[in-house]
Amino acid sequence: PSPIQAETIPALLAGRDVVGLAQTGTGKTAAFALPLLQRLELSGRAPQGLVLAPTRELALQVAQELQSVCAAHRMRVTAVFGGASFTMQSRAMREGVHILVATPGRMLYHISRGTIDLSSIQHVVLDEGDTMLEMGFQKAVESIILNVKTPGEAARKAAAAADQRCS
């Protein structure tokens, strides 16, 4: 394993929160993905893992990497990001997903419209969290985390308000 993997995988498997910093190409995605896959259950149709990424390019890249590993375990990964069909994303989530990879803006949009239920989320990954903060997504991320912790109408309204601020 790479240094980031050697440091983070045991901690994540033990259920601890981790902040990992490493250069591009060092295996950060595998460092969080492998423990995430190990800890998820195949039951249910609602997502159990949420990965937030600052850009659609990164969200798509992470989703593709996760799909390559998850397919063998019959786990479903869906990416939601702006610039793609909202209807198709909603349909994919209704069909069931284990891991949801999303950009903050599109995630807020789905939450505020009630097309996603995050009440089964057990694990949240902020991929390139520093970049999300630099891009001004702090309120969006906070609202999404609020919806994970206490889903329902109040959290949906908070997401709608945050969605308006991000637009």
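A few comments on the model shown:
- Residue ID - farthest from THR103 (Cα to Cα), chosen from residues in the range 32-54 that are open to solvent by less than 80 Å² (accessible area, probe 1.4 Å) and either touching a Leu at 6+ places or on another chain (Cβ under 6 Å) or of a type in the set (Lys, Arg) (or both): PRO35
- When LEU42, LEU12, LEU50 are checked against the criterion of being assigned to a helix (DSSP H, G or I) and aliphatic (A, V, I, L, M), LEU12 stands alone in meeting it.
- The range 108-143: number of residues that are among the hydrophobic types (A, V, I, L, M, F, W, C) and open to solvent by 60 Å² or more (accessible area, probe 1.4 Å): 3
- Apart from one condition, THR29 fits all of (1) touching a residue at least 24 places away in the same chain (Cβ under 8 Å); (2) part of a loop (DSSP other than H, G, I, E, B); (3) closer than 20 Å to MET135 by Cβ; (4) open to solvent by 20 Å² or more (accessible area, probe 1.4 Å); the exception is (2).
- Failed item in (1) open to solvent by less than 20 Å² (accessible area, probe 1.4 Å); (2) more than 21 Å from THR103 (Cα to Cα), with PRO3 passing the rest: (1)
- For the range 144-153, a tally of residues being open to solvent by 80 Å² or more (accessible area, probe 1.4 Å) and over 17 Å from the mean Cα position of the chain (by Cα) returns 1.
- For the range 74-85, the set of residues classified as in contact (Cβ under 8 Å) with a residue 24 or more places away in the chain and more than 13 Å from the chain's Cα centre (by Cα) consists of ARG74, MET75, GLY82, GLY83, ALA84, listed by residue number.
- Some residue of the range 55-70 being open to solvent by 30 Å² or more (accessible area, probe 1.4 Å), in contact with a Lys or Arg (Cβ under 9 Å, 6 or more places away or on another chain) and either closer than 23 Å to ILE116 by Cα or small (Gly, Ala, Ser) (or both): yes
The values are calculated or read from the model by the stated rules, or taken from the named source; none is laboratory data. Every value quoted in this text rests on a predicted model; they were computed, and no experiment measured them. In this analysis, Cβ positions are derived from the backbone assuming ideal geometry, glycine residues included, and neighbour counts consider all displayed protein chains. Please note that ligands, DNA and RNA were not included when accessible areas were found on the heavy atoms of the full protein model with its side chains. Shrake-Rupley method; radii C 1.70, N 1.55, O 1.52, S 1.80 Å.
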